[in-house]
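J.: Let me give you the structure first, and then I'll get to my questions.
All of the numbers you see were taken from the coordinates with simple rules; none came from a lab. Everything quoted here is computed from the prediction, not taken from an experiment. Cβ sites come from the backbone with ideal geometry, for glycine too, and all protein chains shown count toward neighbours.
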Amino acid sequence: MSTSPNSRWIRIDTAAGSFDAYLSLPPAGVKADNPGIVLVQEIFGVNAHIRAVADQYAADGYVVLSPDVFWRSAPRVELGYDGKDWEKAMELRKAVNLEDTIADIAATVQALRTETGAGAKVAAVGYCFGGLVSYMAAARGLVDAAVPYYGGGIQNNLHEAAAINVPVQFHYGALDAHITPDDVEKVRQAVTGKRGTEVFVYDQADHGFNCWARGSYHQRSAALAHGRTLTFLANALS
């Protein structure tokens, strides 16, 4: 279901098959060359929270498209954050092929440009697994900018960092047991000197701090990160 009168699900066709993506439009409608955001889910699907985040960025004036990246094994899955849902989410994460997901992001960018106009710039914003995917999208040259939030596994794919030629803004929680300070430092070192690259660490934040549906939500950190993301995107996509 949609969470905004300006949103709907659309179908994206690829050589590998078809999948759904949640499209959210700005309240004022799409103007010429509106900037776009590919919003990449956590391991819990394009659930109510991710759709609300898409609507949040749409309210900020972006055309937002959030693809169902688990479509091959669990189409349109929506999960919570604990118990059996957590276990299912971990199973889906282990089963997904990263290269297949990157191909899906490329198809999503193409579909988004149909909505924004060919001249519009597009960023990838992602959370958790989606943070890794947004980073990879930047490294592979699929987008004009990227904003990974607590991207799990980025530190294991730093060989991709040399290819980054677009601005990337990273957000991490200092209390995150899944991504250690050493991991963050490795990322920082790998992107040092890259044009427009920023790394922010939030002292009171844990993994998932941006998600208000999780126990780890930290309002101040989420607000700071969102403000920084908006400033970054306004500059990177202008």
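J.: Two decimals is fine: what is log10 I(q)/I(0) at q = 0.21, 0.24 Å⁻¹ for the range 167-231, from a Debye sum with one equal scatterer on every Cα and no solvent?
T.: With no solvent term, the Cα-only Debye profile gives -0.85, -1.04.
J.: Which helices, taking whole DSSP H runs in the chain, have alpha carbons extending 24 angstrom or more along the helix axis plus mean Kyte-Doolittle at least 0.0?
T.: 98-116, 219-236
J.: While we're on this one: Mind putting a number on the dipole of the chain about its Cα centre? Charges go on the C-beta only, +1 for Lys and Arg and -1 for Asp and Glu, and I need it in Debye to the nearest 20. Each step should come with its number before you reach the end.
T.: Numbers: 20 positive and 25 negative charges, 80 e Å.
Computed charge dipole of the chain: roughly 380 debye.
J.: What Kirkwood radius, in Å to one decimal, follows from the Cα pairs of the range 19-152?
T.: Roughly 14.5 Å, rounded to one decimal.
J.: Sticking with this structure for a sec: Past the 21 angstrom mark, what percentage of all C-alpha to C-alpha distances in the range 64-140 do you count?
T.: More than 21 Å apart: 30 percent of the Cα pairs in the range 64-140.
J.: Return the subset of K31/K88; K94/K186; K88/K194 for which the Cα-Cα distance in this structure is over 31 Å, preserving the input order.
T.: Flagged as over cut-off: K31/K88; K88/K194.
J.: Can you pull out the chymotrypsin sites (Phe, Trp or Tyr not before Pro) in the range 179-219 whose DSSP state is coil and whose Cβ has at most 14 other Cβ atoms within 10 Å?
T.: Those that pass, being in a loop and sparsely packed, are W212.
J.: Across the chain, how large is the tail of the calculated P(r) beyond 31 Å, expressed as a percent of all Cα pairs?
T.: The answer is 13 percent, as a whole percent.
J.: Could you tell me what percent of the DSSP beta bridges with both partners in the chain are antiparallel, to the nearest 5?
T.: Antiparallel bridges make up about 40 percent of those DSSP assigns within the chain.
J.: What residues have an amide H closer than 5 Å to that of V199, excluding those fewer than 5 places away on the same chain, when H is modeled at 1.01 Å from N in the peptide plane?
T.: Answer set, sorted by chain and number: F170.
J.: With labels modelled as points extended 7 Å from the Cα through the Cβ direction, what inter-label distance (nm, one decimal) is found for N165 paired with D20?
T.: Taking the simple label geometry, N165 and D20 are separated by 3.8 nm.
J.: How large is the helix-only mean residue ellipticity at 222 nm for the chain, computed as the sum of -39500 (n - 2.57) over DSSP H runs with n ≥ 4, divided by its residue count, in deg cm²/dmol to the nearest 500? Walk me through the intermediate numbers first.
T.: Details: 6 runs with 84 residues, N = 238.
Dividing the helical sum by the residues of the chain leaves -11500 deg cm²/dmol.
J.: Quick one: dipole size for the range 80-178, taken about the Cα centre, charges +1 on Lys/Arg Cβ and -1 on Asp/Glu Cβ, in debye to the nearest 20.
T.: That gives a dipole near 160 debye.
J.: Now, a different point. Taking 0.36 nm per residue of sequence separation and subtracting the Cα-Cα distance, how much length would be gained by fully extending the chain between D85 and L224, in nm to one decimal?
T.: Full extension from D85 to L224 adds 47.1 nm.
J.: Now for a separate question. Which of rounded, prolate or oblate describes the range 122-238 when judged by the alpha-carbon gyration tensor and an a/c cut-off of 1.5?
T.: Cα axes put the range 122-238 in the oblate bin.
J.: Let me ask something else. How many percent of Cα pairs in the range 137-206 exceed 16 Å?
T.: Working: 988 of 2415 pairs.
Pairs farther apart than 16 Å: 41 percent.
J.: Starting from the amide H of V40, placed 1.01 Å from N in the peptide plane, find each other amide H under 5 Å away whose residue is 5 or more places distant or on another chain.
T.: V125, G126, Y127
J.: Here's a follow-up. Read phi for every residue in the range 10-24 and hand back ³J(HN,Hα) as whole Hz from Karplus 6.51 cos²θ - 1.76 cosθ + 1.60, θ = phi - 60°, with x for Gly and Pro.
T.: Running phi through 6.51 cos²θ - 1.76 cosθ + 1.60 with θ = phi - 60° gives 10, 10, 10, 9, 9, 5, 8, x, 10, 9, 8, 8, 8, 9, 10 Hz.
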